[in-house]
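Worksheet: the structure to be examined is printed underneath.
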């Protein structure tokens, strides 16, 4: 039987998509997650998220620390109906999901480059969705998900100094 004729398993995640959660003055922080999920009632899905910092400034970002809060998903029509609980989780079965996770920059990010960020709690870079027993459709919003952003920038080699920026 050809590949086209073979039965495929049901897919529950769309391909990964980068969601910007912070954009200011040439600095962007984004989380890469599935573009869409299809969950069974009471089911769950887990995805290893990638958190990146993009630096489109003339400075090098030498350090960054911030907290990302994952909001629960509610039905688009009935905003009071919870569809899924969302949290940061480690890879272990017994790891408990946390709604908020602190991240730090792995290494300095030169001007016009990007770099990965890691959770302060090792290996807690998985996002888990636990579906309720309700029917519905909803979207996860990252509108209020980033707090306490602290960036340290150093000057480009041709200048003598650079600012330290704190963005509340």
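Structure notes:
- All told, residue 153 meets the bar of being modelled with pLDDT under 80, over 15 Å from the mean Cα position of the chain (by Cα) and surrounded by 15 or more Cβ atoms within 10 Å (Cβ to Cβ).
- Only residues that are part of a loop (DSSP other than H, G, I, E, B) and crowded, with 17+ Cβ neighbours inside 10 Å were counted in the stretch 25-40, giving 1.
Matching residues to (1) out of contact with any strand residue (DSSP E or B) (no Cβ under 9 Å at 6 or more places or on another chain); (2) assigned to a strand (DSSP E or B):
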position: 80; (1), (2): no, no
position: 85; (1), (2): no, yes
position: 96; (1), (2): no, no
position: 103; (1), (2): no, yes
position: 122; (1), (2): yes, no
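- Residue satisfying all of: in the stretch 105-117; in a strand (DSSP E or B) and free of Cβ contacts under 8 Å to residues at least 60 places away in the same chain; nearest to the chain's Cα centre (by Cα) among these: 105
- Annotation: residue 165 fulfils all but one of (1) assigned to a strand (DSSP E or B); (2) modelled with pLDDT of 90 or more; the unmet one is (2).
Condition check ((1) in contact with a helix residue (DSSP H, G or I) (Cβ under 7 Å, 6 or more places away or on another chain); (2) in contact (Cβ under 8 Å) with a residue 24 or more places away in the chain; (3) assigned to a strand (DSSP E or B); (4) exposed (fewer than 14 other Cβ atoms within 10 Å of the Cβ)) across all residues:
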residue	(1), (2), (3), (4)
23	no, no, yes, yes
42	no, yes, no, yes
45	no, yes, yes, no
51	no, yes, yes, no
54	no, yes, yes, no
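- Of all residues in the stretch 25-35, those being free of Cβ contacts under 8 Å to residues at least 40 places away in the same chain and within 24 Å of residue 119 (Cβ to Cβ) number 5.
- Filtered residues of the stretch 56-78 (kept if part of a loop (DSSP other than H, G, I, E, B) and within 13 Å of the chain's Cα centre (by Cα)): 70, 71
- Extreme residue, modelled with the lowest pLDDT, among residues of the stretch 140-150 that are surrounded by fewer than 17 Cβ atoms within 10 Å (Cβ to Cβ) and not in a loop (DSSP other than H, G, I, E, B): 147
- All positions within the stretch 63-81 that are farther than 16 Å from residue 21 by Cα, surrounded by fewer than 16 Cβ atoms within 10 Å (Cβ to Cβ) and in contact (Cβ under 8 Å) with a residue 40 or more places away in the chain: 63, 76, 77, 78, 81
- Residue in the stretch 116-139 that is more than 20 Å from residue 48 (Cα to Cα), surrounded by 15 or more Cβ atoms within 10 Å (Cβ to Cβ) and modelled with pLDDT of 90 or more present: no
The values are calculated or read from the model by the stated rules, or taken from the named source; none is laboratory data. Note that the structure is a prediction, hence the values are computed from the model and not measured. Because the Cβ atoms are built from the backbone with ideal geometry, glycine has one as well, and the counts that use them run over all protein chains shown.
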